[in-house]
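Below is one structure; the comments refer to it alone.
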Amino acid sequence: MNHRKALTALSTVGVLLLSWAIGAALPATAAGSPLSGAASQRAEAVTAAPALKVSGNHLVTSANATTRLLGVNRSGGEFGCMQGKEIFDGPVDQAAVEAMKPWHINTVRIPLNEECWLGTSDAPSSDTSGTAYQQAVHDYVDLLVSNGMNVILDLHWTYGQYTGNGAGCSDVKATCQKPMPDMQYTPDFWSQVAGMFRGNDAVVFDLFNEPYPDAANNWADATEAWTCLRDGGTCTGIDYQVAGMQTLVDTVRATGATNVIMVGGLTWTNDLSQWLAYQPDDPAGNVMASWHSYNFNACVTASCWDSTIGTVGAQVPVQAGEIGQDSCAHDYIDKVTDWADTNGVGYTAWTWNPWGCSGGNVLIDDWSGTPTSSYGEGFKAHLITQNP
């Protein structure tokens, strides 16, 4: 989510970082005795999230069953550490995961901060950065996967000073969204993340949240912007050295990780018009397109989606990593999800955080999962129809 739609988090409760095995929330039984009755049935029903791979223009499981990633964003990991707060904005324990289950969520997208992960000197506290941050992310991912939910790890806030069009801040630190990832830290970030989750193909890597190198060059040269996106280097309007998507794909694969990778487009990844022409090469053949859709974006009609997103989706899987609208209604996201359902596109709505829905895009009123009226209510009702 770019700075124009960012929300300020309210005061939060303490983080509970627990690593749970499958079925950890089931009632306790006598030591060494088997589960029985309803508890046994629930244990059988709780299965880990599936490993994923790309097959044609779909995601499939290890059993070769076509699947879509449908769920929510869980914001906090991108800003909490850098703002001197807790790592996640609210609880990330078993109870918090249980609150998601009545919504029939099968995927959670987790925005991250590269400086918090790497533990640079810019992070305010070692208690919430570096090893502590990495362990917290690892534990939360394990918990979600063990509860049957796939995870998208999204690099959201990065290093590098940028003050041009669309700038969220003038700070060189990773305290807001930048137009492109940086060579200083981003390859190290993805090398470490991929190394940690190598072998866990239930986890998807979203290389960079919302690229906008076209805004940085004042929308003067689309070819230059697409080239910047793929190849990085020196890009017009961006003062730091950029890490292109090809570099980051190569970085991930150098670790031996085969996880599915998401790659965005231009204009805060609302524009996929030339995505296929500038798609990075992946020896694993496991790249999919990342698309974001809000009602205040440029491409907001079914005809635009048919001609651009649909063209990409005919060849590779497409995931709408963020969808939303700047009101508490759900009329726009209804249109997006209906189109996505028809065209085999997955989606994760912004955001599973109880920040109050006066500005839109907030799904819940509390950590128990009470949906907001009517944005959250509408999205919950729709998810249940797709994941009965």
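One table, with the values for the structure above:
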| item | result |
| --- | --- |
| Fraction of beta bridges assigned by DSSP in region 227-343 that are antiparallel (%, nearest 5) | 20 percent |
| Lys/Arg +1, Asp/Glu -1 at C-beta; the chain dipole; positive extreme among Tyr294, Pro371, Cys81 | Pro371 |
| Normalised contact order of the chain, rounded percent, pairs of Cα under 8 Å and 6 or more residues apart | 17 percent |
| Rounded to whole Hz, the Karplus (6.51, -1.76, 1.60) HN-Hα couplings of region 158-168, x for glycine and proline | 9, 7, x, 7, 8, 10, x, 3, x, 4, x |
| Pairwise centroid distance, computed over Cα atoms, of region 205-224 with region 272-335, Å | 15 Å |
| Under-5 Å amide H pairs with Cys235, H placed in peptide plane, nonlocal only | Val242 |
| Per DSSP, loop chymotrypsin sites (Phe, Trp or Tyr not before Pro) in region 204-253 with at most 14 further Cβ within 10 Å | Trp219 |
| Cα pair count fraction exceeding 40 Å, expressed as % - the chain | 9 percent |
| Dipole magnitude (debye, nearest 20) for region 54-386, charges at Cβ of Lys, Arg, Asp, Glu | 480 debye |
| Relative packing of peptides 66-75, 91-100 - highest average C-beta neighbours within 10 Å first | 66-75, 91-100 |
| Helix-only CD estimate at 222 nm, as mean residue ellipticity for the chain, using -39500 (n - 2.57) per DSSP H run (n ≥ 4) | -7500 deg cm²/dmol |
| Per-q log10 I(q)/I(0), region 192-296, q = 0.18, 0.22 Å⁻¹ (Debye; single scatterer per alpha-carbon; no solvent) | -0.84, -1.14 |
| Projected label distance in nm at Asp221 and Asp326, using a 7 Å step from Cα toward the beta-carbon | 3.1 nm |
| Dipole magnitude (debye, nearest 20) for region 143-259, charges at Cβ of Lys, Arg, Asp, Glu | 280 debye |
| Lysine pairs within the chain, Cα separation less than 25 Å, 8 or more sequence positions apart or different chains | 11 |
| Order by protection proxy (mean Cβ within 10 Å, highest first), peptides 260-266, 314-320 | 260-266, 314-320 |
| Antiparallel DSSP beta bridges within region 54-386, as percent of all bridges there, nearest 5 | 20 percent |
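Bear in mind that the values in this text are calculations on the coordinates, not laboratory data. Computed from a predicted structure; not experimentally measured. Glycine also receives a Cβ, built like all others from the backbone with ideal geometry; neighbour counts cover every protein chain displayed.
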